[in-house]
Amino acid sequence: MKIMAIDYGDARTGFAISDRSEFLASPIGTVPERNAERLADKAAQTAAEYGAGEIIVGLPINMNGTEGPRAEKCRAFAELLKERTDLPVRMWDERSTTVTAHNILNETNVRGKARKAVVDTVAATIILEGYLEYRRKKAMLKKVHKKAGIAFLCVMAALAVLAGRIAWINYNHGDAYSKAVLDHQTYTSTTIPYKRGQILTSNGNILAYSERVYNLILDPKLVLSDEKYKEPTLNALVQCFGLNRQELEQTLAVKKDSQYERLAMGLTSDEIADFKALVADTKNNPNIKGVWFENSYVRKYPFSTMACDVVGFASAANGGELGLESYYDDELSGTDGVSYSYVNDNLDVQETTKDAVDGNNIVTTIDYNVQRIIEKHIAAYNEEKPSSATAVLVMNPNNGEVLGMASYPYFDLNNPRSLESSYSQEQLATMSDEDMTNSLYKIWRNYCVSETFEPGSTFKPFTVASGLEEGVTYDGDVFYCNGYEEIGGYTIRCHVYNKTGKHGDITLEQALMQSCNPAMMDIAARLGGVKFAQYQRLFGFGSKTGIDLPSEENGIIKKSDMSETDVATNAFGQNINVTMIQMGAAFSSLINGGNYYQPHIVKRIEKDTGEVVKTFEPTLVRQTVTASTSQLLRKYLKSTVDDGLAKKAGVTGYSIGGKTGTAQKGKREDLKWIVSFIGFAPVDNPQVMVYVLIDEPDGTTGTSGTTSDTLILSHDILEELLPYMNIFKDAEAEPVDAADSEDENTVGITVPNTNVQDSTSATP
C-alpha cells in the first residue's frame, strides 16, 4: 500500500509518498498555499493521483510532550482532510523534523532559493520514513508472536543461517553497507550537486565558471565502531590536511553517534590527492575508515573585475545575485541529482543514481577586447582624475548588441563584498553596517542601466530629428540666437551668453555644431508639447528598453501636457531624466536609418556540449525616423566633431560623428556636473556607437562643468577601438587639430534675476 505524508505549514506544505512495498519514501513536492480549505482539496487530489491508501499528517509535539498552537492547527487540517477523502488520516509525531530537514540541506549546500522549495518536502519525507519504520517494526512483532510456538531448534537454525548471512555481508559489502545505513535507517539519499553554467564573451573567453571542490566529511560513528580504525584514520587526517589532532579527538568524543561532521570545505582535487592515495593503498592502510568527500562547486571569475556589474556574481546559498548571474539564473542553474542507497530483501546494498543536470552556458554579445579597451582607459583616467563615476557603453548600432559596458568604480567578482579597493582602512573602521551595505550597493550598481540623469546637449540630436520629421524645420533653415529667450516668465540662456553673448544667425547644422539652446527651443516650440512628448516616447524615453539585465530604470519624461517652459528646457536635455542604455538605443536609431533595435547582451544559450538551446536574434521594435533624416543627422554630427564643439574626440583618418553634453545633477546651486559624449563611426556606414559619461569629473564640484575630459577619454577609446574592429580609415589623413577647439563650458554663468531658469545646468 502506498502511504502519503504531509508536513503542514502556514505558507508551504510538503508532500511525500511511499512505494507499494512501504520501503522507500520519496518526495513529491511543495505546495505554496495559505488557505487550509484549498490546501485540503489539493492534498486529497494528490493522494488520489498517487494512489495512496493512507495519509499521515505530521504532528509538531513540543519536546516536553505537550501540544501547542501549531499542533492544534495540524489536527484541524487533518479533520478537513478526513472530510474530503475516504482514506485513513493519521497523526504522526514530527518533533524536530523541520530542524532535521534544514540540517540535511545545510550539509548538502542547498542554497536559499532552492531550500524554500524543498525543505518542506524533505521534512515530509522524514516524517514518512519514521512512520514506515514504525510499521515495519510492528509487522515484525506480529510475525514474531505468530511464530512464538515454533520449536527452539528451528529458531536456532534460522539464527545460524542469519548469522552466516550477516558475516557474508560484512565481508563482501561492509563498506557499502556502512555508507547506506544511517543511524539504523534502511534508506538514505545523497544529493549530487549540479554544475552552474558558464558566462562567456562572444570571443569565447570565460567570464564566469564553476570549479569542482570537495568537502571533507568525517563519520565518527564508523570510526569508533572498531578500535583499530581510530588511530590510522586520525593519523591520515593530520598528515594530509594538517588538522589539529586534539580537536579531532574532541569531535569523536562529543559527536560519537554522528555520521556527518564536516571538517573542511572547498578542497581542490590536488589537496585531497594524498589522502585518496593512502586509502587506495589497502595493503598498507586497511583501517582508514569513516572519511569521505562531498562534491561541491565554487564560482570563479578569472578576470576578477572585468565587466563586473554586467556579469554580476552568484553565491552558493542564493544563486545569482547581480547582473547576468541574476537575470539568467534559471538558465545558469541546473538540477541536483540524487543517489539512493537501500538494503534489499536479501540484505544487499542497492544504489540508484539520478544524475545531476548541469546549468546552461550563456554566450554574451560582449567582445573581450572591446571590454578590455574601455576598462583600461576608464581606469587610466580615474587614476589621474578620480570621478564619482565613469561609464562607457559600446553598441553595434545595426542590431542592438552591446559590445562593451563598464562603469567605474570596479569591484572584484571573486570577493564582491569587500570595500577595500574603494575605501581606506580608516574609513572602513568608522562605517556602520548600514553604511557598508549602502556603499556595496553603490559600487554594484550598473550605471549604464540603473542610473538616471539629465542628458544635457546629447539630447539635441533628438530635438532636431523630431523637427525634421514633422517638417517644422529643414536643412538650411536659419535661426537667430540672441543669447537667451524669455519663456514662461523665465529667462533661459544659451551657453555662450557669458562668452560671446550670442550666436546670431545660425543654420540648423550650425545650431547642432555649436550646441545652441535658443535654436533648439525654437524647434520644440514649433512642434508643441503634445507632439514633442510623442517623439520622446517614440525614441523610448520614459520606459525601459527591455535589455536583459536586472534593475533597469524607466527614466522620467514630462507628459503630453507640458508647460511652455517644460518644452523649452526639454529641447536641450534639461528637466528630463534618461539612462545610458536608453540614449544608446535611441541614438543608434538616429544614425542607422531609423531602426530602433531592442538592446541585448546575450547572443545565445547553449549546453555544456555546445548544443544551442536558444539564439537571440536582433529585435526590430519600431521605426523612429526616415532614412533621409538619419542621413542629415549623420552629416550634422560629423560637422560637430570636425569643426564644432567635439573636435577633441576626433581620430586622424576616421570620419566620426557625435555630440557632447553637460548637465547638472542634484540641486542647481550644488554645481555638480555630468559631462558626456555620444558618437559613432564611420559616418556613412556606422558600425559602432560609443557613449562616454563622467559623473563629477575630477571628483570636484563647481569646477568641472566642461566636456574636455569626456572628449579626451572618447578619443583615446576610439583611437584603439576602431582599428581593432576593422573599421578602416575613410577620412583625410591629416592630424586632427583640436588645440584651439572650444569646449562646452557652463561654469561661471550667473543669472541676476531670481526668476531665471539657468541653462547652465544642462546645456552644452
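Count of the range 395-431 residues, restricted to those that are crowded, with 21+ Cβ neighbours inside 10 Å and among the hydroxyl-bearing types (Ser, Thr, Tyr), is 2. Of the residues making up the range 595-633, those that are in contact with a Phe, Trp or Tyr (Cβ under 8 Å, 6 or more places away or on another chain) and charged (D, E, K, R) are Lys603, Arg604, Arg622.
Whether a residue is part of a helix (DSSP H, G or I), modelled with pLDDT of 85 or more and either closer than 30 Å to Thr190 by Cα or not charged (D, E, K, R) (or both) was assessed, and Thr13 does not pass this test.
For the range 617-642, the set of residues classified as over 24 Å from Glu469 (Cα atoms), in a loop (DSSP other than H, G, I, E, B) and either without any contact (Cβ under 8 Å) to a residue 40 or more places away in the chain or touching a Leu at 6+ places or on another chain (Cβ under 8 Å) (or both) consists of Glu617 only.
When each of Val683, Val651 is tested for being part of a loop (DSSP other than H, G, I, E, B) and more than 25 Å from Ala379 (Cβ to Cβ), the lone residue that passes is Val683. Scanning the range 560-575 for residues that are within 33 Å of the chain's Cα centre (by Cα) and surrounded by fewer than 24 Cβ atoms within 10 Å (Cβ to Cβ) yields a total of 1. Identify, please: which residue in the range 543-559 is small (Gly, Ala, Ser) and at pLDDT 95 or above and is, among those, surrounded by the most Cβ atoms within 10 Å (Cβ to Cβ)? Residue satisfying both the conditions and the ranking: Gly546. Leu645 fulfils the conditions (1) modelled with pLDDT under 95; (2) under 23 Å from Leu508 (Cβ atoms); (3) assigned to a strand (DSSP E or B) except for a single criterion, (3).
Of everything in the range 478-502 that is at pLDDT 85 or above and among the small types (Gly, Ala, Ser), the residue that is surrounded by the most Cβ atoms within 10 Å (Cβ to Cβ) is Gly483. Number of residues in the range 20-41 that are touching a Phe, Trp or Tyr at 6+ places or on another chain (Cβ under 9 Å) and surrounded by fewer than 15 Cβ atoms within 10 Å (Cβ to Cβ) equals 1. The residues on offer are Ala208, Ala253, and the sole one that is buried (at least 18 other Cβ atoms within 10 Å of the Cβ) and among the small types (Gly, Ala, Ser) is Ala208. Every condition in (1) assigned to a loop (DSSP other than H, G, I, E, B); (2) acidic (Asp, Glu); (3) under 18 Å from Ser388 (Cα atoms) is met by Asp435 except one, and the failing one is (1).
Here Pro599 fulfils each of the conditions (1) over 23 Å from Thr507 (Cα atoms); (2) surrounded by fewer than 21 Cβ atoms within 10 Å (Cβ to Cβ) apart from (2).
For Pro518, the conditions (1) over 44 Å from the mean Cα position of the chain (by Cα); (2) part of a loop (DSSP other than H, G, I, E, B) all hold with the exception of (2). Checking each residue in the range 291-323 for being part of a strand (DSSP E or B) and in contact with a strand residue (DSSP E or B) (Cβ under 7 Å, 6 or more places away or on another chain) picks out Val291, Trp292, Phe293, Glu294, Asn295, Ser296, Tyr297, Val298, Arg299, Lys300, Ala314, Gly320. In the range 407-420, how many residues are within 19 Å of Ile374 (Cβ to Cβ), of a type outside the set (Phe, Trp, Tyr) and over 18 Å from the mean Cα position of the chain (by Cα)? The qualifying residues number 1.
Residues in the range 515-559 that are in contact with a Pro (Cβ under 9 Å, 6 or more places away or on another chain) and of a type in the set (S, T, N, Q): Ser515, Asn517, Thr545.
The set of residues in the range 72-95 that are free of Cβ contacts under 8 Å to residues at least 40 places away in the same chain and crowded, with 19+ Cβ neighbours inside 10 Å comprises Ala78, Val89.
Counting only helices (runs of 4 or more DSSP H) that sit completely within the range 216-274, those holding 1 or more residues that are among the hydroxyl-bearing types (Ser, Thr, Tyr) correspond to 227-241, 245-254.
Residues that are touching a residue at least 40 places away in the same chain (Cβ under 8 Å) and part of a loop (DSSP other than H, G, I, E, B) within the range 555-578 comprise Gly555, Ser563, Phe572, Gly573, Gln574, Asn575, Ile576, listed in sequence order. Of all residues in the range 436-464, those that are among the small types (Gly, Ala, Ser) and touching a Gly at 6+ places or on another chain (Cβ under 9 Å) total 2.
The values are calculated or read from the model by the stated rules, or taken from the named source; none is laboratory data. The structure displayed is predicted, hence computed values, not measured ones. No Cβ is skipped: glycine too gets one built from the backbone with ideal geometry, and neighbour counts run over all protein chains shown.
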